[in-house]
Amino acid sequence: MNNKKIALVTGGTGGIGSAICIALADQGRQVIAGYFTPEAEAALAWQQKHRENGYDFEIIASDVSDYESSRKMLRDIENTIGPVDILVNCAGITRDKTLRRMTPEQWDSVMRTNLDSAFNVTRQVVEHMTEKGFGRIVNISSVNGQKGQFGQANYSAAKAGLHGFTKAVAQELAGKGVTVNSVSPGYVKTEMTDAIPEDVRDSIVQQVPMGRMALPDEIAFVVSFLTDDRNTYMTGANLPVNGGMYMS
Ligand code: CAA
């Protein structure tokens, strides 16, 4: 048993998620990385790699687009480790297509994974957080939820939805010691942005005043600011971390 606060990062084994896990561990949290059930082998390799670097992360499988699977994940965490004090909703996917070519499956999968997941997972942790009088919830949104993006009607809608979710839940939990905020990264160097066609990516980077993509650590640092015990008065906020791409 230790007295560390317990942090769950959904999508924790991904590009931004991994950096967030490290930042929260460096902040003294016991960190659990959530991964998508079919990706067990990669998640185990991820865990091993981080253990070799001195980070003793737990990993847990679920499908955050599914309510029951999310419920089971939180129940398992509670039974084996303890209730979650800090939640970072970071699981996300892209299925980019112009609207005229977007299939209902591409729309649904992005909405369920990127937006429904915030409800599915956050719903499981609010009770404990309000009872304890402490909680930190951070939703990873996107610059494209603020400005929209050609080819991302699904993703932009889901990420914009996260802002509304953040502000509504922040109001509900404001008197309970639980803060709820979102972070909107710009383009970050990860597998997700590596998948953008090179010419399209180059033209996007040209629109970034800083002239480059972010590194995952630059996003994780801001998340760890929001989850810090001392960050007690900021709630319902959205922190843009986009190299000046969209100023709000
Ligand atoms: N503005 C105007 N026109 C554009 C455009 C833009 N930004 N981007 C592409 N086009 C044009 C192309 O030049 C092409 O024109 P022609 O038909 O005249 O040749 C046309 O639009 C492409 O139309 P299609 O119907 O063929 O496009 P598609 O349905 O196959 O989709 C695409 C193309 C997948 C959207 C591709 O352009 C793309 O991948 N764009 C990048 C989208 C993007 O930024 N994704 C971000 C991923 S990372 C992320 O999401 C993380 C985060 O939070 C930031």
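On the first, second and third principal axes, largest extent first, how far apart are the outermost C-alpha atoms of the chain in Å?
Largest first, the chain extends 51, 40, 36 Å along its Cα principal axes.
Can you give me the % of accessible surface on the chain that is carbon or sulfur? Probe 1.4 Å, all protein chains present, nothing else counted.
52
For a protection proxy built on the mean count of beta-carbon atoms within 10 angstrom, sort 140-151, 162-173 highest first, please.
Taking the mean over residues of other Cβ atoms within 10 Å, the ranking is 140-151, 162-173.
Can you put 21, 90 in order of accessible area, largest first, using a 1.4 Å probe?
Heavy-atom accessible area, descending, gives 90, 21.
Starting from the residue with the highest accessible area, list 73, 210 in decreasing order, probe 1.4 Å.
210, 73
Under a crude label model (7 Å from the Cα following the beta-carbon direction), how far is residue 123 from residue 207 in nanometres?
Placing both labels 7 Å along Cα→Cβ, they lie 3.5 nm apart.
What FRET efficiency comes out for the pair residue 176/residue 39, r = Cβ-Cβ distance, R0 = 35 Å, nearest 0.05?
My answer for the efficiency is 0.55.
Using only the heavy atoms of the protein chains and a 1.4 Å probe, how would 97, 189 rank by accessible area, largest first?
189, 97
What accessible surface, in Å², does a 1.4 Å probe find on residue 60, ignoring ligands, DNA and RNA and rounding to the nearest 10?
Residue 60 has an accessible surface of roughly 30 Å² with all protein chains in place.
The values are calculated or read from the model by the stated rules, or taken from the named source; none is laboratory data. Just so we're clear, the structure is a prediction, and the values are computed from it rather than from any experiment. A quick note on method: Cβ atoms are made from the backbone with ideal geometry, for glycine too, and the neighbour counts reach across all protein chains shown. Remember, those area values only see protein heavy atoms, side chains included, never the ligands or the DNA or RNA. Shrake-Rupley method; radii C 1.70, N 1.55, O 1.52, S 1.80 Å.
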